[in-house]
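Have a look at the structure below before the remarks.
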Amino acid sequence: MKTIKKIFIISILILILIYVTNITSIPNNIILFQGEKLNLQTVYGLTLKDETNIQNQETVQASSTLATNTNNIGKHNLKLNLFGAIPVRNINVNIIPKTSVVPLGNTVGLKLYTSGVLVVGMSEIEGNDNKKYKPYENTGIQEGDMIIKIDNKTVTCTADLLTNVNNSKGENIELVYVRNGETQETNITPIKASDNKYKLGLWVRDAAAGVGTVSFYDPETKTFAALGHGIQDIDTGQLLDIASGDFITTKIVSIIKGEKGNPGRIQGSIEESTVIGQVYKNTDFGVYGKLDNISALNINIANALEVATRDEIKLGPAKIRCTLENNKTKEYNVEIEKLYKNNNSNNKSMLVKVTDEELINKTGGIIQGMSGSPIIQNNKVVGALTHVLVNDPLTGYGVFADLMIKQAKEINN
């Protein structure tokens, strides 16, 4: 009897865990295209009620279509209820009109500046007494932490950090840093090094630069999207938390072909570059900002194409657009081999294989620097390249264009 009771209690706890996990996984804010279905993967008993229009409330299962007319553009307040009676979450849904963008494929440069200084390493310090010190020990500071304040003074760059640490004259200082979105505090005592400057033993960085492909330009908002994936710090592997950035011209220096086990790359130079826009967001679904100089990328507004919904994307032939020679953007044939239509959690939305012999001869397939190349099918923008498979340079992943558009729209909200 006791065994049955234990099994019953454990089963109830597992059931509660399943519901709690499912409910907390649903985002608070969702953006949908006009007419697009809201496809939430939920457990039995969860229902949605649209309270935007109190006179015309409608309740449906959360896993079916949105509990309102998705042709009604605007913001909707949805209530997520358990068994139609117990309110558990508010969900804000913003329905936006279908969008047309200009697919690009130009190779561009990006300079990103962090929101503080990023800790990328640690090392011993030789003090002016010839002894070795590790002032960071037992402080909690780790690689990947973003230092934003010293003694209540804002740190925006490496120079700020060096100045404030040196001004401490070896007195204990308070550091405020961010880890995984959470702000934390600690204390650390700088050491006077052999060069008579005070140091913490931390290696830090306040900027990053790279070359990639711009995916599209939205003429209505003057917004651009690039890369299809975020820029990560080379030392920590974490997504770079940026405060600002520059969108700049670049020059292709060479193409290194990819081969099995060794991805190729586009080598570009950003020296003597021109700033043509500003970067505002670095996300898992790409880099976004405002473009000021459309002539620098030879953008023709008349070439705008509609962004496809996921239901419009099909397995089969498509094209990618990229630049392998300076000022020469060209389309190449690819095949969409798999679609992951319910994937909203990462940028691996579709599996794409290069079939164009000219592109294979030039690059060996998909190479670094082609990330962001727009994918076009049936005269609609369906996505952008994001990753290459290391053991198969002909094959890589692409992200859905609707995910990129929704990220871009948030800049203007």
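All of the numbers you see were taken from the coordinates with simple rules; none came from a lab. Keep in mind that what you see is a predicted model, and the values were worked out from it rather than measured. Neighbour counts run over all protein chains shown; Cβ positions are idealised from the backbone, glycine included.
The alpha-carbon of LYS260 sits under 13 angstrom from the alpha-carbons of these aspartates and glutamates, leaving out residues fewer than 8 places away in its chain: ASP392.
When Rg and Dmax are taken over the Cα atoms of the range 251-379, they come to 15.9, 44 Å.
If the cut-off is a Cα-Cα distance under 17 Å, which aspartates and glutamates reach LYS37, setting aside same-chain residues fewer than 8 apart in sequence? Reachable aspartates and glutamates: ASP50, GLU58, ASP311, GLU312, ASP402.
Here the peptides 395-403, 139-147 are ranked by packing, the mean other Cβ count within 10 Å, and the order with the highest first is 395-403, 139-147. Once C-alpha pairs closer than 8 Å and six or more residues apart are averaged by separation and normalised to the residue number of the range 225-291, the relative contact order reads 42 percent. Strictly over 27 Å apart at the Cα level, which of LYS111/LYS132; LYS111/LYS153; LYS149/LYS281 would you flag in this model? Too far apart for the 27 Å limit: LYS111/LYS132. In the P(r) worked out for the range 124-200, what percent of Cα pairs fall beyond 20 Å? For the range 124-200, the share of Cα pairs beyond 20 Å comes to 28 percent. Beta bridges from DSSP with both residues in the chain: antiparallel share about 95 percent, rounded to the nearest 5. A Cα-only calculation for the chain places Rg and Dmax at 25.2, 80 Å.
Treating each Cα of the range 357-413 as an identical point scatterer and summing with the Debye formula, the log10 of I(q)/I(0) at q = 0.12, 0.19, 0.29 Å⁻¹ comes to -0.34, -0.73, -1.14.
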